[in-house]
Structure formats: C-alpha cells, structure tokens
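Enquirer: Pasting a structure here, questions to come.
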Amino acid sequence: YKNRSIYDIDHVYQVAAELQSTKLIAGDYKDTLLQHAKPGDLVFLDPPYLNEKNTKIFSRYNSTIFSTEDHIELAGIAKELDHKGCYVIATNSASSLVSSLYRSFDIQAVKVSRSISCDGAKRAGFESIIASKRLCLGRRVG
C-alpha cells in the first residue's frame, strides 16, 4: 500500500500512558492466573482449540502442543477462578468434551467463518463462547 500508516502515533502514546499503571507479567499462565487474579477481575482465556477429531487445526502457541490434559487442567483453573469471584470468558472448539469440561459455565455455540483454507467449504464452522454464569451470556449449549 502506498502512503498507508501502519500505526496511529497518537493512539500509541495514549496506550502507553494507560499502561503506566498496569503490571505486565511474563510467565506461565497457570501460576500467573492463580497467583494474581482477584475477585472481580475479568479473565479471558483463548487457548489453542481442543481437537477431538485429530484434524489439522491450530494446537500450539509455541513448540509445545496444548494437549487434552492441558485443556482439562485449564477448565479446572477456570472453575477455580470463577469460584474465587473472577469473571471468566473463554473460547474453544464447539465439541462435546468442551461442553463437558465447562458444564458449570454458560456455553454458547457461535457460527464463525475463517479466511484460512484453500477449500471454501471448510471456512465456516462453530466455536464455543464460555462464560461465568454471572455474566449472563445466554442460552446453554450441550
């Protein structure tokens, strides 16, 4: 693109000012969530999606695959945070295991489209939006 601005410098300065009172933590998500999340905090979880059918979907953010056991552990942490008084929102695949792992939460399946795939028929699907019941997400799926 010609003459296209990659960023808005005023917005960068605004965000920088707002981050002055923010604590950023680089660490393992388990330790970080359990040690730092407080009642009333909003916690958003967006793990690599659970892949029950072993299809080629994104399953890692680094060199380690996010396994089914990791999903089970994350669901347990989400429950702990919810019981602690945090508001939890998570995204994941729309699957029976996800529904089972988060049965104490509100779960809503939403239709999504993706721009990645050479086969146009595979660009649409469903994902789960999972939320603490106190957030009143809507109807429960599963």
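Enquirer: Of all the residues that make up the range 46-75, how many are modelled with pLDDT of 95 or more and either outside any helix (DSSP H, G or I) or open to solvent by less than 30 Å² (accessible area, probe 1.4 Å) (or both)?
Expert: Final tally of qualifying residues: 2.
Enquirer: In the range 79-100, which residues are among the acidic types (Asp, Glu) and either touching a strand residue (DSSP E or B) at 6+ places or on another chain (Cβ under 7 Å) or in contact (Cβ under 8 Å) with a residue 60 or more places away in the chain (or both)? Let's see the steps before the verdict.
Expert: Just the residues of the range 79-100 that are among the acidic types (Asp, Glu), to begin with: 80, 82.
Asp82, the sole residue that qualifies.
Enquirer: Next question, about the same structure. Pick from the range 80-95 the residues that are assigned to a strand (DSSP E or B) and of a type outside the set (Ser, Thr, Tyr): which of them is most open to solvent (accessible area, probe 1.4 Å)?
Expert: Ile89
Enquirer: Does any residue of the range 96-115 turn out to be more than 30 Å from Thr22 (Cβ to Cβ), assigned to a loop (DSSP other than H, G, I, E, B), aliphatic (A, V, I, L, M) and at pLDDT below 95?
Expert: The answer is no, given that none of the residues of the range 96-115 is more than 30 Å from Thr22 (Cβ to Cβ), assigned to a loop (DSSP other than H, G, I, E, B), aliphatic (A, V, I, L, M) and at pLDDT below 95.
The values are calculated or read from the model by the stated rules, or taken from the named source; none is laboratory data. Note that the coordinates shown come from a computational prediction; the quantities given were computed from them, not determined experimentally. Backbone-built Cβ (ideal geometry, glycine too); neighbour counts: all protein chains shown. Note: areas computed on protein heavy atoms with side chains; ligands, DNA, RNA excluded. Shrake-Rupley method; radii C 1.70, N 1.55, O 1.52, S 1.80 Å.
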